[in-house]
Each structure stands twice: as C-alpha cells, then as structure tokens.
Amino acid sequence: MQNKIAIVYDFDGTLTPKTMQEYTIIPKLGIKSKSFWSSIQKESRSTGGELMMVYMRHLLDEAKKRNIKISKNIFHKMGKDIVYYNGVGKWFSNINKHVRSLSKNVQISHYIISAGHLEILDGISIKKYIKRIFASEYFYDNKGYAIFPKTVVTDTTKTQYLFRINKGKEIASESINTHMPENKRPIPFHNMIYIGDGMTDVPSMALIKKEGGHSIAVFQKSQKKQLKTCKQLLNAKRVDFIAQANYAKESELFKRTCLLLGYIISKIKYNFELEKCRKTKG
C-alpha cells in the first residue's frame, strides 16, 4: 500500500519573505545587496554561466576581499536569523495533525529543495520538522573553510530530488537511474504536493502535475509582480491553487493544502479497498 505523502517546499520566497542570503551572509559581509545581485546577473548573462554557480563564487570572492573565512559552523549559526512568513513555525505540526485526523494509516513527510545554502538550512529553527533538505553546498578544505561549490541546485536539477523522494533514494551516492516499477516506489508522484513561489519552480511543478501530483503557488500580499506570476502559473495549469503566503491554521493556504491532502488520502483509501476487494473476489 503506497500510503506515504510528501509535501515538498521551495525555501526562498516560499517559506520566507526574502532570500536566506538577505538575512545571513550578505549583512555579515557588509555587501550592498542590490549591486551584488546585479553584478552576478550581469556576469551570468554575459558568460552564460549558471546563476547559482556564479553567485557561490562571487560570495567567496567578497569574503576574501574582506579577509573573512567562511566555515560550515558560521553558516550553521546564521540559520537562526532567518525570518519566516506568518504561521510557518506551527504549520508542520498542524498539517501532521490534520493528516492523522483523516487516517491513522497514512504517513506524511516534509522536504525542502532549495538553490540556497544547505549549510545555512542545517541551522534553521524548523529543521526538526523536515525529513530531508536538498540544497547547494560548498566543498571545505582541511581547516574547515569553504573553497569552491561542491553541489549546485538549479531550477531544473530540483527535479532530480523529486525523483529521489519518489524512489526513496535520498542519499546523493544512491543512483536513481535503475528502473523501479511505479507500484514499488515509496512515495508516488500523485501523493506529492509541491509548494513554491515563482517561475524558478516551474520544472518541479510541471513534473509533479504531469505525474498526477499537485502544486500550490504562494505570493506575498504586497508583491504585485509575484501575484501576477502566480496567476500566470494558475492559468497555465502549472498549479492547482494559488494562495497568499500565510501559513496560519485559518489561512486560505492551509485550507487548500488540507483539501489536497483529503483528496490524496481518499485515493489511498480507495486503492486499498479496491485491492482488498479484488483479493477476496468481492
């Protein structure tokens, strides 16, 4: 019985109003945010370099200019400085409680797939609710200092991690290329909900929707551009719903997520009863 559900979250702009860098490494280095991001985008356009790879290198260059060495421990400590949208702190326990109220036999897990820093995400306050975090990461020298990017997560490579969740191959060294029958996969795509905030989430949303799963686009009330993007995703059928990024129990986002969970759980119960009926020949 495929009775496991996964809710997969983007991080920056989805669970937080700003990018994680705006709360952590940028203020620590004393960088002017606007000019910093502008220089990264300019280089990416002129060289064809992958944006996140350019960013991770630029960050080390800026730290070197200021004679600051970045360690994994420093990144980890920064995680506590991140500010979340309203209700995020209680969201996971509220969702878990709702699932238990619908079925005692269904398991739910929460995942984060982010282009941001794994090292920072390892120190976030909500980590205890997250089964696994997939994100970009540095390689460190024998003194423990970051020296170059080791893993870079992009818009398109996020889909790799959806397959890892789908097949239960969540460790990077495990191959996901070996064929696995659909009915043997721990978390089928139709048991997944993806929550993101914009165009960078389109490949993940498209994959999950194509495979029978669900997605929600969230927006910040004050950001008209973000709302416009969410409406475009809805019209293009990339998402089931859009909702304001308010994670409180009484919010539209919570209600619509619970609606999708109820739908998935009903299908799980239906398939279980169908199989039971077939085995007993009615």
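The values are calculated or read from the model by the stated rules, or taken from the named source; none is laboratory data. None of the values given here were measured: they were computed from a predicted structure. Glycine gets a Cβ as well: all are built from the backbone with ideal geometry, and neighbour counts include every protein chain shown. Note: accessible area is taken over every heavy atom of the protein model, side chains too, but ligands, DNA and RNA are not part of it. Shrake-Rupley method; radii C 1.70, N 1.55, O 1.52, S 1.80 Å.
A few comments on the model shown:
- The listed residues Lys28, Lys209, once ranked by accessible area (1.4 Å probe) with the largest placed first, stand as Lys28, Lys209.
- Helix-derived mean residue ellipticity, 222 nm - over the chain, DSSP H n ≥ 4, -39500 (n - 2.57), to 500: -13500 deg cm²/dmol
- Spin-label pair Cys277-Asn67: with each label point 7 Å from Cα along the Cα-Cβ axis, the two points sit 7.6 nm from one another.
- Normalised per residue, the accessible area of the stretch 215-282 is 65 Å², obtained with a 1.4 Å probe and no contribution from ligands, DNA or RNA.
- Rounded to 0.05, the FRET efficiency of the Lys210 and Arg100 pair, given R0 = 25 Å and the Cβ-Cβ distance, is 0.25.
- Normalised per residue, the volume of the convex hull around the Cα set of the chain (Å³): 147 Å³
- Enclosing the Cα atoms of the stretch 101-227 in their convex hull gives a volume equal to 167 cubic angstrom per residue.
- Rounded percent of accessible protein surface that carbon and sulfur make up, the stretch 143-282, 1.4 Å probe: 54 percent
- Ignoring lysines fewer than eight residues from Lys224 along the same chain, the ones with Cα atoms less than 21 angstrom from its Cα are Lys18, Lys34, Lys237.
- Here's the picture: charge each Lys and Arg Cβ at +1 and each Asp and Glu Cβ at -1 in the chain, and of Phe134, Gly262, Ile82 the one pushed furthest to the positive end of that dipole is Gly262.
- Coarse-grained scattering of the stretch 95-140 at q = 0.22 Å⁻¹, given as base-10 log I(q)/I(0) from a Debye sum over alpha-carbon atoms: -0.77
- Across Lys28/Lys169; Lys32/Lys69; Lys150/Lys221; Lys69/Lys169, pairs whose alpha-carbon gap is larger than 30 Å: Lys28/Lys169; Lys150/Lys221; Lys69/Lys169
- Accessible surface of the stretch 31-77, 1.4 Å probe, proportion on carbon and sulfur as whole %: 55 percent
- Cα pair distances of the stretch 20-152 binned at 10 Å [whole percent]: 11, 36, 29, 15, 7, 1
- Whichever aspartates and glutamates have a C-alpha closer than 16 Å to that of Lys255, once near sequence neighbours (fewer than 8 apart) are set aside: Asp240
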